[in-house]
Structure formats: C-alpha cells, structure tokens
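Down below is the structure, laid out as structure tokens.
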Amino acid sequence: MNKTKAIVLAAFTVWPVAYMAFFMATVASSFFIMRGGSSQMPPFFGVLIALHFFTMAEMLGLIVFYILHLFKTDAIAQDKKALWAVVLFMGNAISMPVYWYLYVWKPLRSEPSRPL
C-alpha cells in the first residue's frame, strides 16, 4: 500500500471516532433546542440519520478490510492474528486506528524511499 492510500484509509478509520463526538454533541444540543416546548424533531436529524447509516456501513467495510489485511500480512506473528481479529471485531472504533498505525503506517515509514 502506498502512502496516499494509507492516508485515505486513515481518514476513513478516524471518521467513526470523530462522528461519535459529533453525534453526542448534536444530541446534547438538541435537548436545549427542544427545551423551548417544541415537540418536533429538529430538521437536521434527517442528515444525522443519513450520517449514522453511512458510518455503520463504513465500519462494517473497515472491519472486513482490516481482518482481511490481518490474515494476508506477514508482519504479524501467526499466534497473534486470532487475538487481533477479536480485538478488531469487538473494539473496532478504538482498535482500528492502533492497528492502522502499527501495521499499515509504520511499515510504510520504514521502507526506503524510491526515486520517482
């Protein structure tokens, strides 16, 4: 994987954590908006639901990608692959950035640069 693809993958990997913070802030702020006595949902909730479904689909795709990457790479010892698979599946939003840094980004940085 080249650096450009690794950076794009990092953006997709960090999105769920950023979205979680955005979602919590949006829901918390909606309590103040609805506090005025209005029983209607704020209009931005439709966008929030669409983002929520996109994020869930993206998380599923990332889990599949990282687990496939895990079993294809030789950088991880065979006895640790099952543990990493469980960690990626169960703690995905937290463990995927760690896995990306250790097994996608670090190997790219240690490769000697090739002239163009």
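Which condition breaks for F54 when tested against (1) exposed (fewer than 13 other Cβ atoms within 10 Å of the Cβ); (2) in a helix (DSSP H, G or I); (3) modelled with pLDDT under 95?
F54 satisfies every listed condition except (3).
Say whether the condition of being under 18 Å from Y19 (Cβ atoms) and not in a helix (DSSP H, G or I) is met by at least one residue in the range 69-86.
Within the range 69-86, not a single residue is under 18 Å from Y19 (Cβ atoms) and not in a helix (DSSP H, G or I).
List pairs: first residue in the range 48-65 and farther than 21 Å from S29 by Cβ, second residue of a type in the set (G, A, S) and in a helix (DSSP H, G or I) anywhere in the structure, Cβ distance under 8 angstrom, at least six positions apart or on different chains.
Pairs that qualify, where the first residue is farther than 21 Å from S29 by Cβ and the partner is of a type in the set (G, A, S) and in a helix (DSSP H, G or I), are M59/A93.
May I ask you to verify whether L70 is surrounded by 13 or more Cβ atoms within 10 Å (Cβ to Cβ), out of contact with any Cys (no Cβ under 6 Å at 6 or more places or on another chain) and either among the hydrophobic types (A, V, I, L, M, F, W, C) or at pLDDT 85 or above (or both)?
Spelling it out, L70 is indeed surrounded by 13 or more Cβ atoms within 10 Å (Cβ to Cβ), out of contact with any Cys (no Cβ under 6 Å at 6 or more places or on another chain) and either among the hydrophobic types (A, V, I, L, M, F, W, C) or at pLDDT 85 or above (or both).
For residues that are over 27 Å from F89 (Cβ atoms) and β-branched (V, I, T), scanning just the range 1-51, find the one that is modelled with the lowest pLDDT.
Going through the qualifying residues, I end up with I33.
The values are calculated or read from the model by the stated rules, or taken from the named source; none is laboratory data. No experiment lies behind these values; they were computed from the predicted model shown. Neighbour counts run over all protein chains shown; Cβ positions are idealised from the backbone, glycine included.
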